C-alpha cells in the first residue's frame, strides 16, 4: 500500500537550508586523547572527592552532619572567632558558596554570625549547639579516617592538599591574576 501522507514540509525546508560549518577533529586525535583520560588531574580529583565525600557523609550520618559541614565547622573552631573572608581563604571557598553554607549552618543553630567592626565584615564562631555537634561527630570522623586509611594513604592525601594550596597561592599571585 502506498504512503498517502503529504510530503513533509520540514524535510523540504531543512534540505534547502544552508548547513552550519562544523569543525572536524580527526578521529585519531580523539582516540589519542581519550586513551589519556585516566591521566586527567581534574577528573581524578573530582572522582576522589565524590567517592571520599560520599563515604564520609555515610560515616557521619549518625552524627547528623555531612562531611562538608564538619569540615567547615572544623575550620571555624580552629580559628574562632573568624572573619568570613579569612574563612574563605582558609577553605579555598568562594564567597557566594561560603555565604550560603554559613547561612545554612546559622539556620541550623550550629554557628553564630555577628557583624564585625565594619558592616561588611562577618565574624563567625560555633554556637554551643555547633560545638556539641562537632564533638558528637568526632568519633564517627575518627572511624572514617581509620577505614579510609586501609585503602588510601592519609599522608599522601595531606601532601596533595598542601600541594593544592601552594598551587592556588601561586596561581593567584601570578602576574595578571587577582583574587576576586
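Values computed for the structure shown
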{"item": "Pairwise Cα inverse-distance average, inverted: Kirkwood Rh of segment 97-173 (Å)", "result": "15.5 Å"}
{"item": "Ordering of 28-41, 91-104, 63-76, 120-133 by burial proxy (mean other Cβ atoms within 10 Å per residue, highest first)", "result": "63-76, 120-133, 91-104, 28-41"}
{"item": "Once the Cα gyration tensor of segment 39-168 is diagonalised, semi-axes √(5λ) in Å", "result": "26, 19, 12"}
{"item": "Modelled FRET efficiency - R0 35 Å, residue 108 with residue 172, Cβ distances, 0.05 increments", "result": "0.65"}
{"item": "FRET efficiency, 1/(1 + (r/R0)^6) with R0 30 Å, evaluated for residue 51 and residue 129 via beta carbons", "result": "0.50"}
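Taken together, the values in this text are just the output of simple stated rules run on the coordinates, not laboratory data. In this text, all values refer to a predicted model and were calculated from it rather than measured experimentally. FYI the Cβ positions are ideal-geometry reconstructions off the backbone, even for glycines, and counts take in every protein chain you see.
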